[in-house]
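All of the numbers you see were taken from the coordinates with simple rules; none came from a lab. This one's a predicted model, so the numbers in the text were calculated from it and none came from an experiment. All Cβ positions, glycine included, derive from the backbone under ideal geometry; neighbour counts span all protein chains shown.
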Amino acid sequence: MSTKNTISLLSILCAANVFAQTDSTNVNNLEAVEVKGGKFEFRKKLSVENKETIGSTDLLRAACCNLGESFTNNPSVDVNYSDATTGARQIKLLGLSGTYVQMLTENFPNLRGAAIPYSLNYIPGTWMQSIQVSKGASSVKNGPESITGQINVEMLKPHLIDGVLGNIYINSKLKTEANAAGAIRLTNKVSTALLLHAENASMAHDENNDGFLDMPKVKQLSLANRWGYRYKHVLSQFMVKMLHEERDGGQDKHQSTSDRYGIMVNTDRYEGQWKNAYMFLDEHNTSIALILAGQLHDADNNIGKSVYDVNNNTGYAQLLFETDLTPMHNLAAGISYNYDYYKEDVELANPATSNCNGRHRLTEATVGAYAQYTLKLSDKLTAMAGLREDYNEAYGAFFTPRVHLKYSPSKLLSLRASSGKGYRTPHALAENSPLLATGRAIYITPNLNQEEAWNHGISAAFSIPVAEKTLLLNAEYYYTDFLQQLVVNREQDSLLIFENLDGRSYSHTIQVDATYPFTKGFEMTAAYRWQSAKSTYDGCLKERPLTSRYKGMLTLSYKTPLEIWQFDVTGQLIGPMRLYKAVGNTDKTPAYGLLNIQVTREFRLFSVYIGGENLTNYKQKNPIMGADTPWGTNFDATQIWAPTDGIMGYIGLRFKFNKY
C-alpha cells in the first residue's frame, strides 16, 4: 500500500471525535445480540421492519465458507454467478440485482462501488456472528442507497469469542479453506481479537470440455484485528482488515494455443473502522454516537484483451443522537458524510466502437441529515417515520422519506406496511466489471442519471397453534418502481450499452413461507416466491433477463435429542428466465431443481460436517457462447442462469477451545 493511501486511511479514521451508532430500538449496535435459533419468529414479532436475522445456528446448516454461501437456506435472497469465467457472484432481492441492496457491516455502508462484483467472497463465514436481512424501505439512518432492502453483517466481537475457534474445509474440486479467530481479554475493560482466513482453489476443472475453466483458480488471504473497550456507559471498538485475492480463469493454460483468452483479477483491499458510544444512564436511554470508516480498494482486471484497473477509496462518518422522549416516543437524529474517489484506467478490446477507453477520475461527496421518529402504542401498534435530506456535489439536493407501520391485534397476527424512496449513484464499469467477458463493444451513455426508486410493501405474519405446536406463516408483497435507473442493455447483437432508463422499470414480488416444528429438533420450512421484473429496452417493456419467474424452497432440519447429530436438507426449484440472446430455438430457460445435504457430528471440542451440493447434478450445458471463437463478437460468457459445476462434495472440521 502506498504512502499516499496509508495517509488517506489514517485521515479517514482520525478526522473527528468518535462515537458509534445505535439502532432504532435503543439496543446499542456495539453490543451484538446472538440469535441461535427461531429466526422466523424473531423477525416477525419484534421488529417494525420486515427484518429477518440469520443467527449463528443457521450459519452452520451449510458449509457457509463466505457471505455468498450464507443464504443457501434463505428463500428471500438469491445468489447467482454473474458470468462463466470470473467467478463473480451477485445477490438478488425482490427480483432486482444486488446493487439495489444496501450492504452494511455492523450498521455502516460497506462493500460498495468497485467492491460489488466479488464482495460476497470478502467476508469468511467463520468471521460472521449473524446477518440481518431487511426487505423494502429500510431505516433512513444508514443513508439513501437502500432501494430493495438492506443486508447487515455482524462480525465476531472480541469479548464474545472467548478463546480460539476455527474451521477447515475441503471439497471435491480440491478447494481448501482455513479460518481461525482468537481473542484475549487484556483487562476487564479491554479485549482484542485476531481473525485469519486462507483460501486456495488452484485445480483446473473443465467438465464440459469447452476449453474454458468452469471456475477460476482463486487464492485469497485476509486478516482482521479487532479491539474492544467496555466500561460502564462507554463502549469503543476499532478494527482493521486487509485482503489480497488472485483470480486466474479463462482458457486452460495447458491447451495448445498461442493466443489464450485469459482472466486475471488481482485485488488488494484495506478497511478500517472506529466506533465509540456514550450512553447516559437515565430512564430515557439517551446516547450520542458516531461511526468512522474507510476503505481502500485496488483491483486490476485483465479479461481477454480488455484491461480495467480501478482504485476506489471511500470515507464515511455518521454522528447520531437518540433518546426515548417517553416510553412511547423515540427520536433519533444525525448527520452523515460519504466520500468516494474513483481512478479508472480502461483499455477495452474493441476501442473503435467502445467509448469508455482512457483514464478517468471521479470524486463524489454526499452530506446528509436525518430524523427518525418512532411511536409505540402498547404492544399492538408501532409507527416509524424517517426523513433524510442529502446534498451530492454531482446531483444536488434530494429528499428521502420512509415510513413503517406494524399492527399486532393479537399474539397470533402481525401486520406490516412500508413505503419509501431510495437514491444511488451508478458506476457502470466499476460495479459490472465481469460483463467485460464478452466480444461486444461497450458503450456508456454520457451523463448517467442518479438512480431513483420507490418501494412499497405489505406483509402478514401468523402464529397458528397446530397439534400443540406453532405454525409460523408469512405472506408478503413488494412493489419497486424506478423513476431513474441505469439500464444494462444487452438486447443488441454486437453492443453492450449502459444507458439511462427511457420508459418504465419495476418489479412485483409475492412470497409465502411457513415453518413448522414437527417434533423437538425436527423443523421444516417451505417457501414459494413469484416475481415479475420488467424494464424498458430499446423502447420495449420486457422481462429483465436472467431473472427467474418463480422459486420454490423446502428445508428440513433434524437434530437428535442429545444434539450429537444434525441433518440438513435443502431443495430448490428455480423457475424459467428470459434470455437476452436466444440459444437454439428458445429465448426461455427451463425450470430446474437443486438439492443440498449436510450431516454434522458434534464432539466435545469440535464438530465434523460432510455434505453435498447440487446433488441433482444439473448444469448449464453451454455456459459460454462462442467458446470456440473467443475473439469474435459472438463470444459471451455473461448469460449464466444455472450452475456450471455438477455434483460437489465437501468435508470440514469446526473447533472451539474456550479459555474462560
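Calculate, in whole percent, how much of the Cα-Cα pair population of segment 473-601 lies beyond 22 Å. Tail of the P(r) past 22 Å holds 54 percent of the pairs. A viscosity of 1.306 mPa s and a temperature of 10 °C, combined with the Kirkwood radius over C-alpha pairs in the Stokes-Einstein formula, give segment 532-660 a diffusion coefficient of 88 µm²/s.
Are there GluC sites (Glu not before Pro) in segment 139-230 that DSSP puts in a loop and that have at most 14 other Cβ atoms within 10 Å, and which ones? Walk me through the numbers on the way to the answer.
Details: sites: 145, 154, 177, 199, 207; in loops: 145, 207.
Sites meeting the loop and neighbour criteria: 207.
After finding the eigenvalues of the alpha carbon gyration tensor for segment 308-370, what semi-axes result from the square roots of 5 times each, listed largest first in whole Å?
Its equivalent ellipsoid spans semi-axes of 44, 11, 8 Å.
Counting only lysines at least 8 places from residue 656 when in the same chain, those with an alpha carbon closer than 17 Å to its own are 36, 157.
May I ask you to derive the FRET efficiency for residue 411 and residue 519 from their Cβ-Cβ distance with R0 = 35 Å, giving the value to the nearest 0.05? Could the numbers behind the result be given before it?
Working: r = 23 Å, r/R0 = 0.66.
Here the calculated transfer efficiency is 0.90.
If the label point is 7 Å along Cα→Cβ of residue 280, which residues in segment 297-323 have backbone nitrogen under 12 Å from it? Taking a point 7 Å out along Cα→Cβ of residue 280, the residues of segment 297-323 whose backbone N falls under 12 Å are 321-323. Taking a quarter of the surface of the Cα convex hull of segment 151-268 gives a mean projected area of 10.0 nm². For residue 411, a cut-off of 19 angstrom between C-alpha atoms picks up these lysines, skipping any fewer than 8 places away in its own chain: 39, 44, 45, 51, 376, 380, 469.
In order along segment 598-605, the Karplus-derived 3J(HN,Hα) couplings, from 6.51 cos²θ - 1.76 cosθ + 1.60 at θ = phi - 60°, round to 9, 10, 10, 10, 8, 10, 5, 10 Hz, and Gly and Pro are given as x. Per the Debye formula with a single identical scatterer at each Cα and no solvent contribution, what log10 I(q)/I(0) holds for the chain at q = 0.05, 0.09, 0.11 Å⁻¹? Reported log10 I(q)/I(0), two decimals: -0.22, -0.75, -1.20. In the chain, the calculated helix contribution to ellipticity at 222 nm averages -1000 deg cm²/dmol per residue, counting -39,500 (n - 2.57) for every DSSP H run with n ≥ 4. Here each label is just a point 7 Å from Cα along the line to Cβ, and for residue 266 and residue 618 those points are 4.0 nm apart.
About its Cα centre, what dipole magnitude does the chain give when the only charges are +1 on Lys and Arg Cβ and -1 on Asp and Glu Cβ, stated in debye to the nearest 20? Can you show the working numbers first?
Values: 64 positive and 65 negative charges, 324 e Å.
Computed about the Cα centre, the dipole is about 1560 debye.
Here the calculated FRET efficiency for residue 244 and residue 209, from their Cβ-Cβ distance with R0 = 35 Å, stands at 0.60, rounded to the nearest 0.05. Test of understanding: what is the full-extension gain from residue 634 to residue 202, defined as 0.36 nm times their sequence separation minus their Cα-Cα distance? The residue 634-residue 202 span can extend by a further 152.6 nm.
Determine, for 64, 540, the number of other Cβ atoms within 10 Å of each Cβ, and report the residues in order from fewest to most. Walk me through the numbers before you get to the answer.
Details: 64 24, 540 10.
So the residues, fewest neighbours to most, are 540, 64.
Using 19 Å as the cut-off for backbone N distance, which residues of segment 552-594 belong to the label zone defined by a point 7 Å from the Cα of residue 495 along Cα→Cβ? Under cut-off, by backbone N: 580-582.
Fully extended, how many nm does the chain gain between residue 447 and residue 560 (0.36 nm per residue separation, minus their Cα-Cα distance)?
Values: separation 113, 0.36 × 113 = 40.68 nm, distance 5.99 nm.
Length gained between residue 447 and residue 560: 34.7 nm.
Here the Karplus relation 6.51 cos²θ - 1.76 cosθ + 1.60, evaluated at θ = phi - 60°, turns the backbone of segment 491-501 into coupling constants of 7, 9, 5, 10, 9, 10, 10, 9, 9, 6, 4 Hz, with x for every Gly and Pro.
The distance between label points at residue 403 and residue 526 comes to 3.7 nm (points 7 Å beyond Cα on the Cα→Cβ vector). Two numbers describe the Cα atoms of segment 36-168: Rg and Dmax, which are 14.5, 43 Å.
Can you list the lysines whose alpha carbon is less than 20 Å from that of residue 175, not counting same-chain residues fewer than 8 positions off? Qualifying lysines at Cα under 20 Å: 217, 219, 253, 619. In segment 409-530, if the dipole is taken from +1 on Lys/Arg beta carbons and -1 on Asp/Glu beta carbons about the Cα centre, which of 507, 470, 488 is farthest to the positive end? It is 470.
Each distinct pair of alpha carbons in segment 449-530 adds a 1/r term; the inverse of their mean, the Kirkwood radius, is 16.1 Å. Residues 259, 83, ranked from the fewest to the most other C-beta atoms within 10 Å, line up as 259, 83.
The calculated P(r) of segment 99-218, using every Cα pair and 10 Å bins from 0, goes 12, 29, 29, 24, 5, 1 in percent.
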